[in-house]
Amino acid sequence: MRYIPHTEEDVARMLDAIGVDSVEALFEPVPAKLRLRQALELPPALSEQELLAELGALAARNAHTGTHEWFLGAGTYAHFTPSAVDALVSRSEFTTSYTPYQPEISQGTLQAVFEWQTMITGLTGLEVANASLYDGASAAAEGALMAMRTTRRSRVVLSAGLHPHYRAVVRTYLAGLGAEIALAPRGPDGRSAPLAPLVDAATACVVLQQPAFLGCIEDVAAAAEATRRHDARLVVVVNEALSLALLRAPGDQGADIACGEAQSFGVPMGLGGPHLGFLATRQRFVRQLPGRLVGETVDTEGRRGFVLTLSTREQHIRRERATSNICTNQGLCLLMATVYLSLLGPVGLRRLAEQNLAKAEYAKARVRATPGLDLPLAAPTFNEFVVRVPDSGAGALARARERGIIGGLDLEPFAPELGPAVLVCTTELSRRDAIDRLVAALAGRPA
Amino acid sequence: MSAADRREAVGNATRGLSYEEPLVFERSRRGRTGYSLPALDVPAVDPAACLSAQAIRDGIPGLPELSEIDVVRHFTRLSTWNAAVDLGLYPLGSCTMKYNPKLNERAARLPGFANAHPMQPEALQQGFLELCFELERQLAVVTGMDEVTLQPAAGAQGELAGVMMIRAYHEQRGERRTRVLVPDSAHGTNPASAALNAYQIVAVPSGSDGLLHAEAVARVMSEDVAALMITNPSTLGLFEEEIVAICEIVHARGGLVYGDGANLNALLGIARPGDLGIDVMHLNLHKTFSTPHGGGGPGSGPVGVKSPLAPYLPTPVVRRREGGRFALDRDLPHSIGRLHGSFGNVGMFVRAFAYLRSLGPEGLRRCAEMAVLNANYLLARLRGTYHVPYDRLVMHEFVLSDRNLADTGVTTLDVAKRLIDYGYHPPTVYFPLIVHGALMIEPTESESLEGLDRFADALLAIAAEAREDPDLVRTAPHHTRRSRLDETRAARHPVLRWQPLK
Amino acid sequence: MAEYDIPEDLVYSRDDEWARAEGARVVVGVTDYAQKQLGDIVYVELPAVGTTIHQGDVFGVIESVKAVSDLYAPVSGEVVEINPELARRPETVNEDCYGDGWMIALVVEDPAEVDDLLDAAAYAKHIEERSE
């Protein structure tokens, strides 16, 4: 077996040095009656060549951006990743390294994380960011938990625009802690209805997604005002990280905590994972931050270097009093995003966001001009929006599929009150002719 | 210029091809670009016209402007500052730093896995669903559990899920249990996960032999205890010989047993946690199943359960329907809910699946056998020089302490740092907490005999250095690009981001 | 116990805090043994002035780089003063734990609670017992 180097001769010499006469004898501390008598019932080993064929066959039974035009977003986004990202991230000094607990031999990882932390503070308009969380959904949950810890309150208000999966994850995380969860309604234009009536002195936070699940751009400043009145926290959750390149930063609009998903920054859609949760906050809450933190310092010669710091927040020291139980985070995905953001820079990222907006505005204009379709929500959007279709979301998307298009998300399970509707996302990958064909398909018109 | 000065900084390299590399922001130059965008094929829009002017930001601070080659050189150079399994041995106890197969990377990058969307129609993700179903089945076989969820994104999240399922189980029975038993040798995530479920932690002391004893458990077990969390083999690398009796004691009072599967590598094909009495356990795909550590993740922490806990599994669950079609079942009224926005770290499922198919049942057993052989061999070479607090046959890892070096003033930390000079990432240090100055060593099955001998030679040489030249060891490492870093300063005056000079 | 400084004129709790009576007030801090065990102190969290604490309650937290420890009240009372220096220079606890590194001052309800505490000799013995 090519992953295990031992020859029979090696084994014999080692047994001799240990002083036992067989490999079996090494397992003597495992009571005999507990030891397996037969091999595990697993399929036999395959050679590399055979296994790649089998895996290729499995992969081929999944649609992907190479088989269809892609207009499905809903929390996981199809963006173009520059070639340099995978080339750099594939270096085994990055992939096969461990958590940087020994800083003298982990400066590559530590410096990259410090750079990521800096970039996230810039994008969110806040002061300190952690070294990633599992994904946007768990980041939203950690944001809510952090708000509860820093206010010592247990009532959490979730906006209607929170991705339904994120809402489910927040519920799961809070379930064991006796928290009270209130759901804020959606207004007629698609944005949250006014939040002030829902915030009281027992409220730890409002969790507001920007843009909302249905694509609408929320009034973050108004939400901040609503929470400020009772000293509650505003937690802004982001699904589509690219929106941070265009929209006013959450921190500049009064958010105390900004968190969410950074998959759009060079991390593959990957059937949902691994993705990249981020969390940022104000300096004064730094000791309540979950997850790892990298800080700058110097070595014995006075040279600048980086280390994991404020570790006493974490499970390996604080144990049951930790801010979170998180240990492993999403290190390599963080590196993808840091490389991506370094390549795009502030100018490239802004231009990319504007392209996404332009594609969506074009698609919306085509929808408005097509009989049988309309845009039921009046609020402005970024790169995602709701299209009402003549028959049903399922029917419209089936038509799209026949034309080689994954047209979006059927909203019937998520927002049936909208009637037959689809959530459509356009990115820089959406070519104009594909948009035209999508619109025709949704309306049930000839291509 | 003196010879010494000439040997020093030449350009920004200080030692030939060993580069000092500034922060990416310090390399930034206005107007440099590293991206390419196609021309817009739709009309351009003015964002302030579509959204309102106050909704738009002015610029984005904190991002550098660089050319593609700037970025490539920056991160390539940074990579040369890291230790990595592909460079050398990482004997980190309880981390199982085994070889990360390159086939697995190729598999995960197949477009049908990398460029597919979690919410695309089930009919168009059958290959993915089949892989999940098959991986779950294989992990169930390996662990002796009945059902498996792949959703938790890391071991700690798996623990959270497991403890939540335990809580749901008791609640459904109308029982209000408030405590969880955790051995004093446990990993910190164990009590943290229990606390996140509002359980009170009761520490169970290990015996003087390092093992958990049935009477110690019996003494603290009651109808108020929801569960015992146990790691087997323990964090000392010892098989918990009384585990069956311990599980029976917990079960007799209506409690459940949670197994931390971090050390599963020692048991592959040898014994199964499910047969020992474990009711629910997590696995670490990034340990036992070879997925790469990535400098701090992504990992993956699937959870296996016995049937009584199956109703509480996170939603959705992959089912195989009539005609061999795979489908997602969301109709789980007692599920603990979702822990992850999608299915979990799918890329790691592909890698672990490829690993299991590469090894087959014989290969898996060989992993455990060679991992245990390697650990015992190293122990045989090191005992006598280093103090062994629990000296007997070990499993895949073992613990030393620095007691034999006490009179030299050299500590475990110093030995760890000096090992770096010899080309090794240090073992786990100061864990488990029950051994003072613990040095926990896990070579894994990936290490060859000559590799083990070189490592043992290094540790023996350091022990000799501790006597002959303790100062050399206490001020190590000497050959790294950074010497010991001031962690106190980093904690007292945290600087957690770069900011431009005013 | 030559390696740890244990002033004769103070009383000590089993949790490694010291107390000094100053008229109506009792001043509290952590001992030399505690600060040596913890290592370089990086952060001290203290209660707000006006808080009432009971003997044995956790009144704060002390952090070093690698460890964190609760601070337990050796006596009950109302917090009337906290040491402002520790927010600025937590290392003061390492440098002068019985003087400038003091933590809180309490107005004590029940002076007799001090009798539950250890004198210097008893505290020294307590350290020795734990080191075995």
Dipole-positive endmost among A:LEU55, A:MET1, A:PRO197 within chain A (Cβ charges, Cα centre): A:PRO197
Relative counts (whole %) of C-alpha pair distances in the stretch B:71-221, using bins that are 5 Å wide: 1, 7, 9, 11, 15, 15, 13, 11, 9, 5, 3, 1, 0
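Given axes a ≥ b ≥ c from the Cα gyration tensor, I'd like to know whether chain C is rounded (a/c under 1.5), prolate (a/b larger than b/c) or oblate.
On the way: a/c = 1.65, a/b = 1.08, b/c = 1.53.
Since a/c reaches 1.5 but b/c is at least a/b, the shape of chain C is classed as oblate.
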Förster radius 51 Å - calculated FRET efficiency between A:GLU225 and A:ASP391 (Cβ-Cβ, nearest 0.05): 0.75
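Kirkwood hydrodynamic radius for the protein assembly as shown: how many Å is it when counted over pairs of different Cα atoms?
Working: mean 1/r = 0.0329 Å⁻¹.
Hydrodynamic radius (Kirkwood, Cα only) of the protein assembly as shown equals 30.4 Å.
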log₁₀ of I(q)/I(0) at q = 0.24, 0.25 Å⁻¹ - the stretch A:150-242, Debye sum with one point per alpha carbon: -1.28, -1.36
Likely footprinting exposure, B:HIS334, A:HIS275, fewest C-beta neighbours within 10 Å first: B:HIS334, A:HIS275
Under Karplus coefficients 6.51, -1.76 and 1.60, residue-wise ³J(HN,Hα) of the stretch B:297-305 in Hz, glycine/proline x: x, x, x, 6, x, x, 10, x, 9
For chain B: rounded, prolate or oblate by the Cα gyration tensor [a/c cutoff 1.5]: oblate
Calculated SAXS-style log₁₀ I(q)/I(0) at q = 0.31 Å⁻¹ - the stretch B:408-458, Debye, Cα scatterers: -1.22
Farthest toward positive dipole pole in the stretch A:83-339 [+1 Lys/Arg, -1 Asp/Glu at C-beta], among A:LEU332, A:HIS165, A:THR150: A:THR150
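Contact order normalised by length for the stretch C:29-72, with contacts defined as Cα pairs under 8 Å and 6 or more residues apart; what percent is it?
On the way: 54 pairs, mean separation 16.2, N = 44.
After rounding, I find 37 percent.
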Ranking of B:GLU487, A:GLU115, C:GLU129, B:GLU397 by count of other Cβ atoms within 10 Å, fewest first: C:GLU129, B:GLU487, A:GLU115, B:GLU397
Residue among B:ASN232, B:VAL394, B:PHE455 farthest towards the positive dipole end of chain B, charges placed on Cβ: B:PHE455
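Counting Lys +1, Arg +1, Asp -1, Glu -1, what net charge surrounds A:VAL156 among other residues with beta carbon under 14 Å of its beta carbon?
Values: positive: A:ARG149, A:ARG152, A:ARG153, A:ARG155, A:ARG167, A:ARG171, A:ARG233; negative: A:GLU142, A:GLU180, A:ASP200, A:ASP256.
Computed value for this residue: +3.
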Amide H partners (placed H, <5 Å) of B:VAL204, local residues excluded: B:VAL182, B:ASP184
Across B:LYS417/C:LYS125; C:LYS36/C:LYS125; B:LYS102/B:LYS417, pairs whose alpha-carbon gap is larger than 27 Å: B:LYS417/C:LYS125; B:LYS102/B:LYS417
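Let me make sure I get this right: for the stretch A:83-339, a, b and c are the square roots of the gyration tensor eigenvalues over alpha carbons, sorted descending. Under 1.5 in a/c it's rounded, otherwise prolate if a/b > b/c, else oblate. Which is it?
Working: a/c = 1.95, a/b = 1.54, b/c = 1.27.
Verdict is prolate for the stretch A:83-339.
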Under 20 Å from the A:ARG152 label point (7 Å along Cα→beta-carbon), backbone N, the stretch A:271-289: A:284-289
Most mobile listed residue (A:ASP16, A:ASP410, A:ASP433) in chain A, GNM with C-alpha springs under 10 Å: A:ASP16
For B:GLU215, C:GLU3, order by how many other beta-carbon atoms lie within 10 Å, fewest first: C:GLU3, B:GLU215
Full-stretch length increase - C:ASP116, C:GLU81 - with 0.36 nm per residue and alpha-carbon distance subtracted: 10.3 nm
Estimated translational D of chain A in µm²/s (Stokes, Kirkwood radius over Cα pairs; 20 °C; 1.002 mPa s): 88
Nitroxide proxy distance, nm - points 7 Å out along Cα→Cβ at A:ASP16 and B:ARG219: 4.6
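By the scheme Lys and Arg +1, Asp and Glu -1, what is the net charge of all other residues having a beta-carbon under 12 Å from that of B:VAL372?
Values: positive: B:ARG365, B:ARG366; negative: A:GLU24, A:GLU28, B:GLU369, B:GLU397, B:GLU442, B:GLU445.
After counting each charged neighbour, the total is -4.
Pairs of alpha-carbon atoms within less than 8 angstrom and 6+ residues apart define the contacts here; what relative contact order does chain B have, in percent?
Working: 878 pairs, mean separation 84.3, N = 502.
Relative contact order for chain B comes out at 17 percent.
So which DSSP H runs in chain B come out at 18 Å plus along the axis (Cα) with average Kyte-Doolittle of at least 0.0?
Numbers: long enough: B:126-143 (25 Å, 0.58); B:155-172 (25 Å, -0.14); B:346-382 (40 Å, 0.52); B:449-468 (28 Å, 0.32).
Helices meeting the span and hydropathy rule in chain B are B:126-143, B:346-382, B:449-468.
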Karplus (6.51, -1.76, 1.60) ³J(HN,Hα), θ = phi - 60°, over the stretch A:364-371, in Hz, Gly and Pro reported as x: 4, 4, 4, 4, 4, 7, 10, x
Reach of B:LYS98 by Cα under 16 Å, taken over lysines that are not fewer than 8 positions away in the same chain: B:LYS287
The stretch B:340-488, dipole about Cα centre (Lys/Arg Cβ +1, Asp/Glu Cβ -1), debye to the nearest 20: 420
Relative contact order for the stretch A:178-305, counting Cα pairs under 8 Å that sit 6 or more residues apart, in percent: 16
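Read-outs: derived from the displayed coordinates by stated rules, not from any lab. Predicted model, so just to flag it, every value in this text is computed and none were measured. Methodologically, a virtual Cβ is constructed for each residue, glycine included, from the backbone with ideal geometry; neighbour enumeration extends over all protein chains shown.
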